[in-house]
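Below is one structure; the comments refer to it alone.
The values are calculated or read from the model by the stated rules, or taken from the named source; none is laboratory data. Owing to the predicted nature of the structure, the values given are computational and were not obtained by experimental measurement. Reconstructed Cβ throughout: ideal geometry from the backbone, glycine too, with neighbour counts over all protein chains shown. Just the protein is used for accessible areas: all its heavy atoms, side chains included, with ligands, DNA and RNA removed. Shrake-Rupley method; radii C 1.70, N 1.55, O 1.52, S 1.80 Å.
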Amino acid sequence: MKIKLLFLLFPLFISAQKYQFIELRKSIKDKNHHAKSLTLLDRREDKFIGIVSHRKDPYEVKFEKDDLEKLFSDWFIEYNKEGGHNQYFFMLEYLKVKDVPTEKSVKGHLEMRASTFLKKNNQYYFLKKNRISKDYYLKDHAYITRAIAANISSEISSIIKDSYDIKEFNIPISEMQMENYEKVISEQLPIFSLSSFKDGVYRDYKSFAEQNPDKELIVKKNKDGVIKGVKRVDEYDNLNKEVFAVIDNGIAYKKIPTSIIEIEKDNNGFFIMASEEELFPQNNTMTITGAAAFGLIGGLIGAVIDAASSKARKQNAKYYRVGIDALTGEYILPENFGRLK
C-alpha cells in the first residue's frame, strides 16, 4: 500500500518542481560580418547545473531548451543574418550553481568555465577563456535565482562577442586534443619553452606569451637604472601606456596598482606573490570588475614605480601565491584570497 501511495505522489513531486531558465536573448551580432557559424561543444561531465533558493523555495537552474546545440545555433542565426567565413566554437567546460549556508540565511554560488575557438582547415585555434566564481547575497539581489541565470546568459554572450575581435593563438590543435587544450597550447608557447625572456614592453598577455615585445615602446629608467615607466622609442612622448608586463635584464615584472612585482615560475606555471591590499587597494575609488579584476589592466602609471623598492613590502601584509593563467594572463586567486569572495 505504501509503495502504491509513493507512485501516486511521484507525479506531484515532478510537477511541483520550480525552474529558473537561462534565456539566451542578448545580442551576439558580429558587426564585421566575419562569423559564419557558432557551434556549442558541451564538454561538461555532469549536465545538471544545480539548485538555488528564492525565499526558501528551491529552483533548478537550467537552459530554456534541452537541445543546447540547436539553441546556440539558432541564437547565433537570429543576430547574424549576413554570414561570413569564420566558424566559431563555444566550449562549455563547467557550469554549476548551489546554495551556500550563511549565518542568517543562504547565498547563491556560481562556478562556470567556458572557452572559444576558431576552426580553420579542420584545426582549432584558441581565442578566449572565462573563469567565473561568484557569490550572490540576498542583500544585493531581490531574486538570487534570476540574478544567477541572467549573469550566466550575460557572461556567455560577452565571451562570444569578444571572440569576434580576438586574434587567435597560432597554435593549431586537433579535435582529439580539445579535451586537454590548455596543456597542449601552453607547452608550445615561447614564454614556456624559451630559456630566457626578451627584454621589452608587452602591451597584453598574448604578446608576452609569444615573446613579441612592442616595437614602439621601451622601458623608461632613471640615471640609477630604476624602472620608472615606459616611453616611446623616439623619446618624443613619455606615455603612461597600459601594458601587461615589462622585461628588463631578463626579469619579468607585472604591474599592479601599487608597484611592480617580479613574475616567478614554478612547476605549476607563472605567478606573483602579492597581498590583497596590493592587488585591490581599499582606498582605490575605482570599482574593479570583469577582466580588470583579474589583472588585465596595468599601465605603468604613477609618479614613480621602483622595481627595487617593490621588494620592500609591508611588514604586516599576508602574501599569497597568485597564479597567472597560461592562456589568458588572468589572475588565478587562491581559495583563501578573500577580497573577491
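Restricting attention to the stretch 156-216, lysine pairs at least eight places apart or on different chains and with alpha-carbon atoms under 25 angstrom apart total 10.
Largest first, how would Lys231, Lys255, Lys183, Lys18 line up by accessible area (1.4 Å probe)?
Details: Lys231 40, Lys255 15, Lys183 105, Lys18 80 Å².
Most to least solvent-accessible, the answer reads Lys183, Lys18, Lys231, Lys255.
Computed from label points 7 Å out along Cα-Cβ, the spacing between Asp67 and Asn170 is 4.1 nm. Taking R0 as 30 Å, what FRET efficiency do you get between Thr102 and Glu23 from their Cβ-Cβ distance, rounded to the nearest 0.05? So, using R0 = 30 Å, E works out to roughly 0.60.
Please give the net charge around His141, taking every other residue with its beta carbon less than 14 angstrom from that of His141, where Lys and Arg add +1 and Asp and Glu add -1. Numbers along the way, then the final one.
Numbers: positive: Arg55, Lys107, Lys134, Lys139, Arg146; negative: Asp99, Asp135, Asp140.
Combined, the nearby Lys, Arg, Asp and Glu give +2.
The length gained on full extension between Asp199 and Thr39, counted as 0.36 nm times the residue separation minus their Cα-Cα distance, comes to 53.6 nm.
Could you calculate the FRET efficiency of Asp46 with Lys215 from 1/(1 + (r/R0)^6), where r is the beta carbon distance between them and R0 is 51 Å, rounded to 0.05?
Numbers: r = 47 Å, r/R0 = 0.93.
Once the sixth-power term is evaluated, E becomes 0.60.
On the beta carbon distance between Phe280 and His85, with R0 = 45 Å, the FRET formula returns roughly 0.60. Summing Cβ point charges (Lys, Arg +1; Asp, Glu -1) relative to the Cα centre of the stretch 148-189 gives a dipole of roughly 80 debye.
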